[in-house]
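Written below as structure tokens is the structure these notes are about.
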Amino acid sequence: MESYLALLAPTPVFPSKIVGIGRSYGEHARELDNPVPEEPLLFLKAPSALLAPGGTVRLPAESERVDFEGELALVIGARLSKVSAEAALAGVLGVTLACDVTARDLQKRDRTFTRAKSIDTFCPVGPRLVTDPDWDALEFVTRVNGKDRQHGRARDLIWGLGELVSYASRYMTLEPGDLVLTGTPAGVGPLAAGDRVEIDSPQIGRLAFKVEAAAR
């Protein structure tokens with residue numbers, strides 16, 4: 001959590017919420033046998049799930065399958081409520097990387113995504129905040145144990161980054177420091193104790209973390 005605040009220096013603000021966008025890449029929706037949604041699918045992750053770069057994701061005993069989901073993450077810089085896509089993007093402080101770690105079996109079992117997405121350590125974020133990116137050029141690669149597993153590009157999203165923030169602001173006021181996880185591309189898969197995950201972006205840097213089984 002301290003490293004997240006460091007991303008926002010010199011005016012650190014802890015996020016009031018982490019907003020996730022589901023199935024925002026068509027290929028990812030199809031790989032999980034889900035329909036491509038007609039509008040963005042919103043869910044929330046608990047801020048207590050935040051994990052510093054270089055930290056450890058702990059696999060809970062309650063889940064038999066925990067997946068990685070590499071993503072671009074937007075940090076909100078202004079109070080946004082019912083704003084246009086253009087105003088939404090202007091209100092974004094910057095972009096970083098995140099992993100929307102998900103207990104896939106719990107997600108399928110529950111009616112909501114809350115438990116599966118919000119377990120402690122399930123939101124690695126970092127390594128730095130880029131405040132003036134070329135939005136259309138943003139991309140990243142997710143690697144597990146050195147093997148490429150995902151390639152995400154902002155231009156491949158079903159909705160633009162500003163559209164995603166604008167849509168979320170219709171239903172909840174976004175506050176400075178809030179995180180919007182913009183969705184994951186195809187290639188998600190399970191994690192195991194001992195794995196090392198790296199999400200690498202030429203514009204943002206490398207977010208790395210390791211995986212261990214949680215103490216019982």
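Nothing in this text is a laboratory measurement; each read-out follows from the coordinates by a stated rule. Keep in mind the model is a prediction, meaning the values are calculated, not measured. Glycine gets a Cβ as well: all are built from the backbone with ideal geometry, and neighbour counts include every protein chain shown.
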Once both label points are put 7 Å beyond Cα along the C-beta direction, the VAL13-ALA193 separation in nm becomes 4.1 nm
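In this model, which of LYS45/LYS147; LYS45/LYS210; LYS45/LYS108; LYS108/LYS147 are farther than 24 Å apart at the alpha-carbon? Write out the running numbers ahead of the final one.
On the way: LYS45/LYS147 27 Å; LYS45/LYS210 20 Å; LYS45/LYS108 16 Å; LYS108/LYS147 27 Å.
The pairs that break the limit, which is 24 Å between Cα atoms, are LYS45/LYS147; LYS108/LYS147.
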Expressed in nanometres to one decimal, the distance between label points 7 Å along Cα→Cβ at SER81 and THR131 is 2.6 nm
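For a quick check: sort LEU7, LEU97, LEU59 by the number of other beta carbons within 10 angstrom, fewest at the front.
Working: LEU7 20, LEU97 29, LEU59 24.
Going from least to most buried by this count: LEU7, LEU59, LEU97.
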The answer for GluC sites (Glu not before Pro) in segment 52-136 that fall in a DSSP coil and have at most 12 neighbouring Cβ atoms within 10 Å is GLU62, GLU64
Under the rule rounded for a/c under 1.5, else prolate if a/b exceeds b/c, else oblate, using alpha carbon gyration tensor axes a ≥ b ≥ c, segment 84-149 is classed as oblate
Averaged over all viewing directions, the convex hull of the alpha carbons in segment 141-205 casts a projected area in nm² of 6.0 nm²
Rounded to two decimals, the Rg over Rh value of segment 12-135 from Cα coordinates and the Kirkwood Rh reads 0.96
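About the Cα centre, and with charges only on the beta carbon of Lys, Arg (+1) and Asp, Glu (-1), how big is the dipole of segment 2-213? Nearest 20 debye, please. Please list the in-between numbers first.
Numbers: 24 positive and 29 negative charges, 81 e Å.
That gives a dipole near 380 debye.
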Exposure-ranked with fewest Cβ neighbours within 10 Å first, PHE68, PHE14 stand as PHE14, PHE68
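Please work out the FRET efficiency for the pair HIS151 and ARG65, using the Cβ-Cβ distance as r and a Förster radius of 22 Å; give the result to the nearest 0.05.
Given R0 = 22 Å and the Cβ-Cβ separation, E is 0.45.
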Using alpha carbon centers only, segment 65-91 is separated from segment 96-158 by a whole-angstrom value of 13 Å
Among trypsin sites (Lys or Arg not before Pro) in segment 87-151, those in a DSSP loop whose Cβ has at most 10 other Cβ atoms within 10 Å are ARG111
The ratio Rg/Rh over the Cα atoms of segment 58-119, Rh being the Kirkwood inverse mean 1/r radius, stands at 1.13
